[in-house]
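In what follows, a single structure is set out as structure tokens and then discussed.
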Amino acid sequence: MTQLKSTNERNHLPKDVNIVVDSYLKMLEARLPNVLESFYLYGSVSLGAYQEGKSDLDFYGVVKEKLTETDVEVLKQVHQEMKKQFPTPSLDGMYVTREDLEGRNARESSCPYFNEGKLQIYQPFRRNWIDAYQLKTYGIVVKGLPIKTYNLPADWKHLKTKLVENINGYWLNWVKGCERVTSLQFLGLYLSGSMIEWGVLGVTRLFYSIREEDITSKVGAGKYALRTVPEEFHQIITEALRIRNGDKFPLYRSMIKRRNDSLKYIKFVINECNNL
């Protein structure tokens, strides 16, 4: 199992990340003083896979009390202004209470989730989901309390069940969409390198987590697959890594073959995940 070192030292963050986070915290404190108890980063920046100009900043903001409608309106303004001031990296995350993190609410409360500078949805915090595990294991403390304060669980039997559900729900439907001639995804998988990367490396991350009971970046998952899956899939995995890394020269001359190899590999991984 590959283990990455957790850190709560902000001097380990890339310079542009620190600039964005500092600006955000100052703006938030000016608009909503004494509301934020803790602020954590997770995702690519905590996994050592942050790419300037490409990666987002995934976060959890822990608030001292449940946010009011007025509070959320202020957060909307903060995130909109941050997006205008810093188009990248985008702050993408959820605001939760201590009770949400510790599962002490009698009924699940919905928490505001922001993405690309906008309030996208209200959704509950899932303590037994992979993001919570990633926060607990690799999260970076930017402000506030140590993450272990909240006693997040790490039940891999439950996590694996949820990951396989994701494989058989979202990803199986994604494949069906790519195979349906009337779908935009059908044409997209021929023309879009980002779709190739999304599909190939997306399922590969789940494959890694289900097998290793851990989490890694998309690039880490791709390199892992090159060591663990049959050689017939190495070309499409390497192509997805090429796209992810921004290398210019494709490994395929035929977009049809690249598309077919992508679908064949993704179906292979889905089947493997169901048999692990």
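One residue stands out in region 79-103 among those that are among the acidic types (Asp, Glu) and in a helix (DSSP H, G or I): the one that is surrounded by the most Cβ atoms within 10 Å (Cβ to Cβ), namely Asp100. The combined condition, being over 19 Å from Lys26 (Cβ atoms), among the charged types (D, E, K, R) and at pLDDT 95 or above, is fulfilled by Glu73.
Scanning region 25-78 for residues that are of a type in the set (S, T, N, Q) and open to solvent by 50 Å² or more (accessible area, probe 1.4 Å) yields Asn34, Thr68, Thr70, Gln77. Region 176-276 holds helices (runs of 4 or more DSSP H) entirely within its bounds, and those carrying 1 or more residues that are at pLDDT 95 or above and open to solvent by less than 70 Å² (accessible area, probe 1.4 Å) map to 193-212, 218-228, 234-245, 255-275.
Condition first: of a type in the set (Val, Ile, Thr) and outside any strand (DSSP E or B). Can you find one or more residues in region 46-64 that meet it? Can you show your working first?
At the first step, the residues of region 46-64 found to be of a type in the set (Val, Ile, Thr) are 62-63.
Keeping just the survivors that are outside any strand (DSSP E or B) gives none.
No, every residue in region 46-64 fails to be of a type in the set (Val, Ile, Thr) and outside any strand (DSSP E or B).
The values are calculated or read from the model by the stated rules, or taken from the named source; none is laboratory data. Everything numeric here is computed off the predicted structure, so don't read it as measured data. Note: ideal-geometry Cβ built from the backbone for every residue, glycine included; neighbour counts use all protein chains shown. Accessible surface is based on the protein model in full, side chains and every heavy atom, while ligands, DNA and RNA are left aside. Shrake-Rupley method; radii C 1.70, N 1.55, O 1.52, S 1.80 Å.
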